[in-house]
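Shown next, in structure tokens, is the structure this report addresses.
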Amino acid sequence: MTLAEAMKQLESCGTAQNRKIYARHGASENMFGVSYANLYKFQKQIKVDHELAGQLWATGNHDAQVLATLVADPQAMTDKQAEEWAKSLSNYGLTEMFGRFLIKSPLACKKAEKWHKSKDEGIASVGWILLGGLALEDRELPDEFFEPYLKLIESGVHKQKNRVRYEMNGALIAIGLRNDKLEKRAIEVAKKIGKVEVDHGETNCKTPDAIEYIAKAKAYRHKQKAKAAARNV
């Protein structure tokens with residue numbers, strides 16, 4: 001699929017209602033308003049096309065950039081390109097999609113360690129998204145890797161910018177779900193910091209309570225394991 005063909009298809013799927021929704025979540029006027037259901041259909045159609053992903057991102061169009069995160073090749077993402085994409089993040093919805101993509105890249109740990117310290121709200125947010133992703137997905141990292149980040153959350157979450165607070169809270173939850181040892185430590189931190197206040201603007205989004213979320217997620221895991229065990233009997 002060429003860039004022109006992709007943009008034409010994206011434009012044909014955009015709706016005014018979605019544009020209103022995305023605008024409330026911080027997207028600029030440069031968007032078509034394509035539903036995520038349609039974006040995932042395009043992903044299945046395109047599969048992996050890193051060159052096209054770069055072209056889509058360069059348009060600055062919100063929908064095209066979200067699609068770029070779905071069809072880019074995490075193994076082909078260079079350090080330079082990752083930095084360029086991070087610096088051009090324009091809203092938190094796109095920031096989360098970029099973080100979900102980059103966690104699959106060999107660059108994930110390196111960028112997490114660097115970006116969480118950034119003064120830029122979007123870049124720092126990606127850093128914490130990556131840290132949460134590493135907690136859930138990278139089993140080779142020792143528990144000690146996450147301890148400094150728990151301390152940073154404990155001492156500084158309330159001092160951070162709005163979306164950074166949200167992603168730090170998300171990282172706290174993810175670290176708590178890594179294993180029983182880190183769960184205990186994460187809950188201790190959650191009790192000390194209390195409620196994490198995040199301004200979600202004109203949306204219905206809410207900031208999850210870390211302790212409650214960890215408990216619910218853990219209960220869900222146990223339920224799924226029990227179902228799997230029952231099927232194997």
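Please verify whether V48 is in a loop (DSSP other than H, G, I, E, B), surrounded by 20 or more Cβ atoms within 10 Å (Cβ to Cβ) and modelled with pLDDT of 95 or more, treating the condition exactly as stated.
Values: in a loop (DSSP other than H, G, I, E, B): yes; surrounded by 20 or more Cβ atoms within 10 Å (Cβ to Cβ): no; modelled with pLDDT of 95 or more: yes.
The answer is no for V48.
On the basis of being in a helix (DSSP H, G or I) and either surrounded by fewer than 22 Cβ atoms within 10 Å (Cβ to Cβ) or not assigned by TED's automatic domain parsing to the domain that holds L134 (or both), does D73 make the cut? Walk me through it before giving the result.
Values: in a helix (DSSP H, G or I): no; either surrounded by fewer than 22 Cβ atoms within 10 Å (Cβ to Cβ) or not assigned by TED's automatic domain parsing to the domain that holds L134 (or both): yes.
So D73 does not fit the description; no.
Identify the residue in segment 39-70 that is of a type in the set (A, V, I, L, M) and more than 16 Å from the chain's Cα centre (by Cα) and, among all such residues, is farthest from T15 (Cα to Cα). Let's see the steps before the verdict.
The initial filter retains those residues of segment 39-70 that are of a type in the set (A, V, I, L, M), namely 39, 46, 48, 52-53, 56, 58, 64, 66-68, 70.
Restricting the remaining residues to those that are more than 16 Å from the chain's Cα centre (by Cα) gives 39, 46, 48, 52-53, 56, 58, 64.
Working: L39: 13, I46: 22, V48: 26, L52: 24, A53: 23, L56: 19, A58: 22, A64: 15 Å.
This residue is V48.
The rows are residues; the columns are (1) part of a loop (DSSP other than H, G, I, E, B); (2) free of Cβ contacts under 8 Å to residues at least 24 places away in the same chain; (3) outside the structural domain of A219 (by TED's automatic domain parsing); (4) surrounded by fewer than 20 Cβ atoms within 10 Å (Cβ to Cβ).
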{"residue": "L134", "(1), (2), (3), (4)": "no, no, no, no"}
{"residue": "L150", "(1), (2), (3), (4)": "no, no, no, yes"}
{"residue": "V157", "(1), (2), (3), (4)": "no, no, no, no"}
{"residue": "E188", "(1), (2), (3), (4)": "no, yes, no, yes"}
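Out of S12, S35, I need the residue that is touching a Cys at 6+ places or on another chain (Cβ under 8 Å), at pLDDT 95 or above and among the small types (G, A, S). Which one?
Matching residue, one of S12, S35: S35.
Count, please, the residues in segment 190-233 that happen to be at pLDDT 95 or above, in a loop (DSSP other than H, G, I, E, B) and of a type in the set (A, V, I, L, M, F, W, C).
Of the residues in segment 190-233, 2 are at pLDDT 95 or above, in a loop (DSSP other than H, G, I, E, B) and of a type in the set (A, V, I, L, M, F, W, C).
The values are calculated or read from the model by the stated rules, or taken from the named source; none is laboratory data. The shown structure was predicted, so the numbers you read here are calculated from the model rather than taken from an experiment. Glycine gets a Cβ as well: all are built from the backbone with ideal geometry, and neighbour counts include every protein chain shown.
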